[in-house]
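S.K.: The structure is given below, and queries will be raised subsequently.
The values are calculated or read from the model by the stated rules, or taken from the named source; none is laboratory data. Keep in mind that this is a model prediction, so the values were computed, not measured. Positions of Cβ are generated from backbone atoms using ideal geometry, with glycine treated the same way; all protein chains shown enter the neighbour counts. What goes into the accessible areas is simple: the full protein's heavy atoms, side chains included, and nothing from ligands, DNA or RNA. Shrake-Rupley method; radii C 1.70, N 1.55, O 1.52, S 1.80 Å.
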Amino acid sequence: MRPGGIMKNKFILGIIAAVAGLGIAACGTRTVVIPAAATPTVTVTPSSPAPQATTTVPAAPAPGAPAATVPSNYAQDIAGAGIAAPLGWLTSTGERLCADWRSGESADQTDQLLLAGGIHPNHLAVFDSITNSDVCPDATP
């Protein structure tokens with residue numbers, strides 16, 4: 001090694017140590033003060049009590065009227081009036097109309113059932129009349 005080389009190395013190491021010392025000193029601890037947020041104020045104002053939930057229980061349904069017995073001439077009378085309907089639908093609809101009429105519904109209300117079943121509007125009165133006379137003469141449509 002050259003005699004001046006040792007000195008040069010010591011000089012360079014000294015500079016590195018000095019710079020490192022400055023870097024550490026520059027990274028020293030600092031105290032940063034962050035102001036505290038204001039505490040929110042909560043104001044409670046007395047008021048009337050909250051409404052209470054209520055439960056409504058529906059009234060029990062009225063006892064059903066006894067089912068009407070559809071006589072054998074009913075389907076013949078309906079067909080004789082020019083109204084075509086499947087026997088099963090005709091029977092259940094006749095029973096339903098009687099039950100509805102006995103519970104207080106009018107023919108105007110029950111005619112919606114007939115229209116939904118495919119009965120033509122011009123046949124409603126005849127259908128109601130035959131059903132009333134054949135199936136449930138005790139009911140008032």
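S.K.: With r defined as the distance between the Cβ atoms of Q112 and A81 and R0 fixed at 22 Å, what FRET efficiency is calculated, to the nearest 0.05?
M.R.: Numbers: r = 20 Å, r/R0 = 0.91.
With R0 = 22 Å, the Cβ-Cβ based efficiency is 0.65.
S.K.: Which value, in Å² rounded to 10, gives the accessible area of W101 with a 1.4 Å probe and all protein chains present?
M.R.: 10 Å²
S.K.: Here's another thing I want to ask about it. Going by average Cβ neighbours within 10 Å, how do the peptides 130-138, 108-116 rank, with the highest at the top?
M.R.: Descending mean neighbour count gives 130-138, 108-116.
S.K.: Can you send over the solvent-accessible area of R102, 1.4 Å probe, protein chains only, in Å² to the nearest 10?
M.R.: My reading of the accessible area for R102 is about 80 Å².
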